[in-house]
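One structure below.
The values are calculated or read from the model by the stated rules, or taken from the named source; none is laboratory data. Here the structure is a predicted model, which means the values were calculated and not measured. We place every Cβ from the backbone using ideal geometry, glycine too, and count neighbours over all the protein chains shown.
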Amino acid sequence: MEWVLPVIILCYVLICLGAFIIEFLNLRHIKKHGSEIPAEFAGVIELADLEKSKAYTFANSRFRTIHTIYNEVITLIFIFGGVLTWYNKTLFDYHNQHHLPFAVWGVIFVIVLSFSKTVLNIPFNLYQTFSIERRFGFNNMGFRLWLWDLAKGLLVSAVFFSIMLFGAFGLVKFIPSWWWFPVWAFFFFFTLFVIYISPYILDPLFNKFTPIEDEDLAKDIIILLKKAGIEVSGVYTMDASKRSKHSNAYFTGLGKVKRIVVFDTLLESMSKEELLAVIAHEAGHCRKKHVLKNLILFEALSAIGFYIAFMLLQSDILVIIFKLQIDTFFAKLIVLSFIGGIILWAMPLFFNAISRHFERQADDFALKLTGSGKPLANALVKLSVDNLANLYPQKLYAYFNYSHPPVLERIKRLRK
C-alpha cells in the first residue's frame, strides 16, 4: 500500500497542471483571435471594446491561476503537512474532555474548516471585487456593503450548514450499518426545502425584490409565460446594480412560489422585444424541465457516491493510506473528499455537455415562442458586450469550463 499515496499525489499534481495548460491554451487562442471583430458584432462593438474584453479575460485568468495555486498549496499543506493530524487530534481530545455528542463533534469539525477556508480566501475576494471588477467598470459595491454581505453569508451558511451536518451525522451515529441511504435522502429533501424557501427567506437577505414597475411590460411577460404554459407567482426586478453592472434573468423557487426575476441592469440595457426573448429562453428551461432533469441526474450520481463513501469510511483503508494517527470518521471524510476531487476531475466535461445541450434546447424554445431568433440573438450580443464576454474561447477550454455554448455559436444558430 506504500505506493498508493505517491500515486494519489502525482494524479493531483497532474490534474492541476492540466488545468493550467488548458488556461494557457485559452489565453494563447485569445491573443491570436481576440482582436478580430466578428461579423455578428459588426456595428455594435468597437475595437477598443474588444481589447477591453480581452484584457478583462486575461486579468481574470491570471487571478484564477494564482488563486487556484494558493488553494491547492493550502490543501496539500493541510493534508500532508501535519495540519490535519494536529487538527484531528485537537478536536478528538476536546471531544473526549467535554463528552461531545458525535453529531456536535462533526459539526464543529467541518464548520471550523469551512470558515477557515473562507477567511483565508478573503484577500482574493477583496482583490477580485475592488480591483478587477472595479477596474473594468462592473463593481458598484462599497467596502461596508461587501463586509455586510460577508457577515450575512457566513451567518446563513453557519445556520443551514450546521442543520444539514447535524442531521447527517446524527443519522450516521444512529444507523451505523447502512447510513448512506438515509443521509442521501436527508440531503435531497433538505436541498428541496432550501430551494423552496429561497425566494421568500434567503434571497431577500441580500437583494431587494420588487414587482416590475412597468405594468405593460409585466403584462407582456405574463402573457408570454402563459403562452409557454407557465404560471408564476409574480414578475420581479432585483436591485443587482447596487453591487454590480453585470446583468441576468432567472426563474427561482418551486411550484406555486416560482417567480421570474430580472436584474435591473438588464431592464436598462434591453429593448422590450429583447427582454421578452431572454425570458422566453428561461421559460424554455422551465418547460423542458431542465432543473428537474439535472436534479434527478445529480441525485442518482450522489446516491452512488454516498454508497461508495460509506464502504470506504467503514473500512480502515483511508487510515492506512494517509497514515492517520487517530482514526476518526471526520478525518477520513476529509481525505475522502480529497480523493473524490481527483477521481471526479473530468465530471465537468459531462455536466457541461449536458448543460450546453439544455441551453440549445432553451434557445430553440425561445425562437419558437417568440417567432424569431433575432431578438434573442440581439440580446446575446448586448449581454456579451456589456459583460465583456470572451468571444473566442479555445475549444478544449470551453468543453471544460462553459455551461453555455460559446456566444458566437449561439448567435449564428439563432440567426440561421
For this session: Show the residue pairs that are 6+ apart or on different chains and have beta-carbon atoms under 8 Å apart, the first residue being within segment 15-40 and within 24 Å of LEU349 (Cα to Cα), the second being of a type in the set (D, E, K, R) and in a helix (DSSP H, G or I).
Result: CYS16/GLU72; GLU23/ARG64; ILE30/LYS54
Seminar exercise, completed: Expected single match for closer than 30 Å to ILE411 by Cβ, β-branched (Val, Ile, Thr) and without any contact (Cβ under 8 Å) to a residue 24 or more places away in the chain among ILE222, ILE308, ILE279 is ILE222
Exercise. Does ILE230 satisfy the condition of being assigned to a loop (DSSP other than H, G, I, E, B) and among the hydrophobic types (A, V, I, L, M, F, W, C)?
Worked result: yes
For this session: Could you identify the single residue in VAL172, VAL232 that is closer than 22 Å to ASN294 by Cα, buried (at least 16 other Cβ atoms within 10 Å of the Cβ) and either at pLDDT 85 or above or out of contact with any Cys (no Cβ under 8 Å at 6 or more places or on another chain) (or both)?
Result: VAL232
For this session: Starting from residues that are in a helix (DSSP H, G or I) and among the aliphatic types (A, V, I, L, M), keep the ones in segment 175-192 and report whichever is farthest from VAL291 (Cα to Cα).
Result: VAL183
For this session: Could you figure out which of (1) of a type in the set (D, E, K, R); (2) over 21 Å from the mean Cα position of the chain (by Cα); (3) buried (at least 16 other Cβ atoms within 10 Å of the Cβ) isn't true of LYS258?
Result: (2)
Exercise. Hey, which of the helices (runs of 4 or more DSSP H) in segment 237-338, taking only ones fully inside, have at least 3 residues that are in contact with a strand residue (DSSP E or B) (Cβ under 9 Å, 6 or more places away or on another chain) and modelled with pLDDT of 90 or more?
Worked result: 272-287
For this session: State which residue is farthest from the chain's Cα centre (by Cα) when the search covers only segment 348-397 and only residues that are among the basic types (Lys, Arg) and farther than 29 Å from LEU295 by Cα.
Result: LYS374
For this session: For residues that are among the aromatic types (Phe, Trp, Tyr) and more than 25 Å from LYS382 (Cβ to Cβ), scanning just segment 17-73, find the one that is farthest from the chain's Cα centre (by Cα).
Result: PHE24
For this session: Go through segment 91-139 and give me each residue that's of a type in the set (Lys, Arg) and touching a His at 6+ places or on another chain (Cβ under 8 Å).
Result: none
For this session: Scan ALA303, ALA240 and give me the residue that is farther than 30 Å from TRP148 by Cβ, of a type in the set (A, V, I, L, M) and in contact (Cβ under 8 Å) with a residue 12 or more places away in the chain.
Result: ALA303
Problem set entry | Sole residue being surrounded by fewer than 16 Cβ atoms within 10 Å (Cβ to Cβ), within 17 Å of VAL7 (Cβ to Cβ) and over 21 Å from the mean Cα position of the chain (by Cα), chosen from ILE317, ILE326, ILE343 | ILE317
Exercise. Can you tell me how many residues in segment 193-213 are closer than 29 Å to THR370 by Cβ and either in contact (Cβ under 8 Å) with a residue 40 or more places away in the chain or assigned to a helix (DSSP H, G or I) (or both)?
Worked result: 6
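Could you grab me the full set of residues in segment 199-219 that are of a type in the set (Asp, Glu) and crowded, with 16+ Cβ neighbours inside 10 Å?
Residue satisfying the conditions is ASP203 alone.
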Exercise. What is the one condition in (1) modelled with pLDDT under 90; (2) surrounded by fewer than 16 Cβ atoms within 10 Å (Cβ to Cβ); (3) closer than 30 Å to LEU155 by Cβ that THR118 does not satisfy?
Worked result: (1)
For this session: List every residue pair whose Cβ atoms sit under 7 Å apart, with the two residues 6 or more apart in sequence or on different chains, where the first one lies in segment 350-371 and is closer than 13 Å to GLU282 by Cα and the second, anywhere, is of a type in the set (Val, Ile, Thr).
Result: none
For this session: Scan (1) in contact (Cβ under 8 Å) with a residue 40 or more places away in the chain; (2) closer than 20 Å to ASN88 by Cβ for the single condition LYS152 breaks and write down its number.
Result: (2)
